[in-house]
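The values are calculated or read from the model by the stated rules, or taken from the named source; none is laboratory data. Computed from a prediction, not measured in an experiment: that's the story for all the values here. For neighbour counting, all protein chains shown are included, and Cβ atoms are generated from backbone atoms with ideal geometry for every residue, glycine included.
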Amino acid sequence: MKIIDELIAREGEYSDHPSDKGGPTRWGITEAVARANGYAGAMRDLPRAFAEAVYVRRYIEEPGFDKVLPVSPLIAEELIDSGVNMGPALPGPWLQRTLNLLNQQAKTFPDLVVDGQIGPATISALRSVLVSRGRDGELVILRCLNCLQGGRYFEITEKREANEDFFFGWLRTRVGMA
């Protein structure tokens with residue numbers, strides 16, 4: 001899957017940076033995530049196929065981003081990438097908040113419950129924005145998601161000085177202004 005190949009390319013093969021709270025990481029999968037998904041071996045030996053399966057299950061299917069893929073691959077890729085880097089619980093609410101702000105005071109669709117559950121209402125709202133706003137709607141949604149992601153990097157870096165080791169790279173590789 002293209003998105004997984006791109007994620008793994010950004011994440012790299014193996015890392016154990018002293019400032020990274022995630023500890024030993026291979027293919028972008030932290031030790032805690034690997035253990036929670038049944039991997040018991042050395043992190044340096046984590047198979048790429050195992051990492052790919054975790055990405056599909058934990059970062060694409062469980063948060064519902066697979067439902068976004070056929071509607072807007074670009075938005076889905078942004079949600080997935082943000083979920084991998086920041087945890088899968090954040091991007092869903094970001095999308096819902098963004099859609100609520102684009103519904104023209106609930107004239108095009110009712111406000112969504114911001115619960116992170118990507119279900120029929122969220123997908124219907126996304127389709128509505130994309131139909132009514134076209135390519136510009138997709139562009140604005142991507143910019144909103146990137147703004148929220150960038151703001152989160154500011155927050156976590158201001159709260160934890162060690163994150164300064166990663167701040168530049170996060171903004172360089174993760175926050176794009178589509």
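Brief remarks on what is shown
- Of residues in the range 94-111 being of a type in the set (D, E, K, R) and outside any helix (DSSP H, G or I), the one nearest to residue 68 (Cα to Cα): 111
- Test: residue in the range 55-71 that is outside any helix (DSSP H, G or I), of a type in the set (A, V, I, L, M), without any contact (Cβ under 8 Å) to a residue 24 or more places away in the chain and in contact with a helix residue (DSSP H, G or I) (Cβ under 7 Å, 6 or more places away or on another chain): yes
- Those residues of the range 83-110 which are more than 15 Å from the chain's Cα centre (by Cα), more than 17 Å from residue 138 (Cα to Cα) and of a type outside the set (Lys, Arg), in sequence order: 105, 106, 110
- Being more than 24 Å from residue 164 (Cβ to Cβ) and not assigned by TED's automatic domain parsing to the domain that holds residue 163 is a property that does not hold for residue 76.
- Residue within the range 125-146 that is under 12 Å from residue 99 (Cβ atoms) and either touching a strand residue (DSSP E or B) at 6+ places or on another chain (Cβ under 8 Å) or polar (S, T, N, Q) (or both) present: yes
- Hey, residue 145 crowded, with 17+ Cβ neighbours inside 10 Å, over 19 Å from the mean Cα position of the chain (by Cα), in the same structural domain as residue 88 (by TED's automatic domain parsing) and at pLDDT 95 or above or not: no
- Residues of the range 111-121 classified as under 19 Å from residue 138 (Cα atoms) and more than 16 Å from the chain's Cα centre (by Cα), total: 5
- Exactly one residue among 32, 9 is closer than 17 Å to residue 173 by Cβ and either outside the structural domain of residue 149 (by TED's automatic domain parsing) or within 19 Å of the chain's Cα centre (by Cα) (or both), and that residue is 9.
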